[in-house]
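The values are calculated or read from the model by the stated rules, or taken from the named source; none is laboratory data. Every value quoted in this text rests on a predicted model; they were computed, and no experiment measured them. Here the Cβ positions follow ideal geometry from the backbone for every residue, glycine too, while neighbour counts run over all protein chains shown. Remember, those area values only see protein heavy atoms, side chains included, never the ligands or the DNA or RNA. Shrake-Rupley method; radii C 1.70, N 1.55, O 1.52, S 1.80 Å.
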Amino acid sequence: MSCSGKGSIESILTQCCSFMCFLFFLCQCGCQLDASWNGQNCECVVVMFTVLCNKCPSSLSLQDKQYVGFATLPNQVHRKSVKKGFDFTLMVAGESGLGKSTLVNSLFLTDLYKDRKLLNAEERINQTVEITKHTVDIEEKGVKLKLTIVDTPGFGDAVNNNECWKPITDYIDQQFEQYFRDESGLNRKNILDNRVHCCLYFIPPFGHGLRPVDVEFMKALHEKVNIIPLVAKADCLTPNEIKKLKDRVRDEIERFGIKVYQFPECDSDEDEEFKQMDKELKECTPFAVIGSNTVVEARGQRVRGRLYPWGIVEVENQSHCDFVKLRNMLIRSHMHDLKDVTCDVHYENYRAHCIQEMTRCVKLAQDNRIDSPIPILPLPTPDAETERLIKMKDEEVRIDNYSLIYSSVAPSYRCFDSESLKKA
């Protein structure tokens, strides 16, 4: 390499800053590239490098002065949230045999019903609606999730299902009440959130839409929890039958005024992929789902599905069912929104109702006290009352002393009355 002049060196420095830095390093070390590289050229490199270096730090320092640092707040919230962990409470409701337990195990890839006992037909006759909780800690890529599954065995299994949803609504109200008490207490630092964030309601695939018990259940709960209706055991129906059943269920939900969970509208700055996914989720409700914990062989691959004589139903195949869409909505995209709606809408409605009832009771008690026919006298202060009692006691002791003196004197003095004795 040879450099014939100052202009050529300046052009090289302008075009390639990294090469200039390398030349400066060589000059500082006293290295000679060839015979044409003399001290004057080397001095030129040093001068140009110094000029550029003097400009760069000034621009960097200006950027540093304009940078405040609050742009790192999302990172701080992310670290704190991951360290604290997350919690989510999911309720599953529906009559027995619709695959509720299997679907939950398929959603979270866990086994929450290891010790479950299946009841026979005779035992189901006398069974009442119960509330059972299963809690499991799940960790994925360093993120911890405390998952609580609330099951409702016995719902819809009796001959008379009148108000069979009452234990479920009472349970939801109890969790609201417990959270309200903890929030109003002294120690508010570590409050356990056991409020139900979502309810998956399983609709039977047979029949013609919603049954009366389905309508009454969802109308009793739609003001208390986010309801997501599901068509259970979708592998029992053909694609055309599933489409007709979905349309009928949507029409009946709107006709009976049932408020199911509404997906939030996408922001304008969302990417097209998320908007498309949100559109597909809205069109799929109610989700037609299939659950399976069995791994089968299909097209040379091992997949979760169900093996039938006519073929294999794949759980995670979107052309077979809506399981993947439900999982994406429930876990990957809308879990936090479900918690926000529970906290900002359902719980706030319950809290406002409680505060109104408390205010009404206090006002009623005050009105009853004012309207009382018996006049209410102001109570004396403790000090005045105590002083009055002491004076009465002193007077009694003084009278007793005079009585003792009077009884001990001569009989001749007993002719005096008590008033003369007091004067004496």
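Of note:
- Rolling a 1.4 Å probe over the protein heavy atoms of the range 202-326, with every protein chain left in place, gives an accessible area that is 50 percent carbon and sulfur.
- If you take all other residues with their beta carbon under 14 Å from the beta carbon of K189, and give Lys and Arg +1 and Asp and Glu -1, the sum is -1.
- For the range 138-209, accessible area per residue (1.4 Å probe, heavy atoms of protein chains only), Å²: 55 Å²
- When the C-alpha to C-alpha distance is required to be over 30 Å, the pairs from K133/K189; K363/K391; K144/K224; K146/K224 that qualify are K363/K391.
- Residue by residue, the range 86-103 carries 3J(HN,Hα) couplings of 10, 9, 8, 10, 10, 9, 10, 9, x, 5, 5, x, 9, x, 5, 5, 5, 5 Hz when phi is fed to the Karplus relation 6.51 cos²θ - 1.76 cosθ + 1.60 (θ = phi - 60°); x denotes Gly or Pro.
- Links that overshoot a 30 Å alpha carbon limit, given the list K80/K233; K83/K246; K233/K259: K80/K233; K83/K246
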